[in-house]
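The values are calculated or read from the model by the stated rules, or taken from the named source; none is laboratory data. What you see is a predicted model, and the numbers here were worked out from it, not measured in a lab. Because the Cβ atoms are built from the backbone with ideal geometry, glycine has one as well, and the counts that use them run over all protein chains shown.
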Amino acid sequence: MHTKRFAKLVLVSGLVGLLAACGHAVQTTSGSQYLAGYGATGPAAVTDAEIVAAANVEPQLRFPARLGLARIDRGGLTAVPAAEAEAWRALAERLGSGYGAFVPVSPLIAALASEADADGCRPHYDSCLAQVVKQVRLGAARQHLDAVLIYETFGKSSESSNPLAVTKLALIGFFLPTENVKAEGFAQAVLVDVRNGYTYGTASAVAEQPSHRLTTVGDSSDAHIAARAEAEVRAVANLASEVEAMVRELRLALAEGRAAGSLP
């Protein structure tokens, strides 16, 4: 139940991430208190078993913690690229040992810990994403992580002609950099408890400036790929800043809730 619910959350928040600028949100509410607010009986009572199961979950994360880092790309768990890993390494240094450590979730360990059937799983579809999220949590459990930050990146590129485009009327123009490629980068993340699936927070970010490339009219594919990759790396750097703010706010909110006795 929780696997499907959080798979859908990642899918939907991916669409939101494409529309929203940088930002984050934190959740520390109690599932038992949420359900108790509607009463056990009466017209306001929650009677749908699936809704009860989804809501009846408590925040149990305590810092310092072992936080996993899982990157989803094209519907699958992938290794964190070196350019993006630098942003997460810098984040871990800024947070310090009092928050714990960031540990990449290994795709190999996740595969070994999971018996997910890939039949009928197509990238970018909910059925595939549900399996990937399940693999992430199983892999994170195998690595004894407390919570896992699941993140995705997106790139959007476009192409337009520059003043050299007039040379396209001549044969040699086919080999001149007549096209401008512009790319924008987006990234979004969700922090999930490995053990019970509780969602502690979400974050989204965009690249502050688009990436640009010059290319020829006959060979623009590589330029589009490179520009999108660069823009996505910039977006991840901004995402790391949002995640930092989210984790700091989360730690404070959890401590305050436990001190007040409203959280376990």
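Do we find a residue being modelled with pLDDT under 60, in a loop (DSSP other than H, G, I, E, B) and closer than 30 Å to Phe102 by Cβ anywhere in the stretch 193-207?
Taking the stretch 193-207 and keeping what is modelled with pLDDT under 60, we get none.
For the stretch 193-207, residues modelled with pLDDT under 60, in a loop (DSSP other than H, G, I, E, B) and closer than 30 Å to Phe102 by Cβ: absent.
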Qualifying residues in the stretch 116-152 (those that are of a type in the set (Gly, Ala, Ser) and at pLDDT below 90) - the one farthest from Ala79 (Cα to Cα): Gly120
Given (1) surrounded by 12 or more Cβ atoms within 10 Å (Cβ to Cβ); (2) closer than 19 Å to Val192 by Cβ; (3) modelled with pLDDT under 90, number of the condition Leu15 does not satisfy: (1)
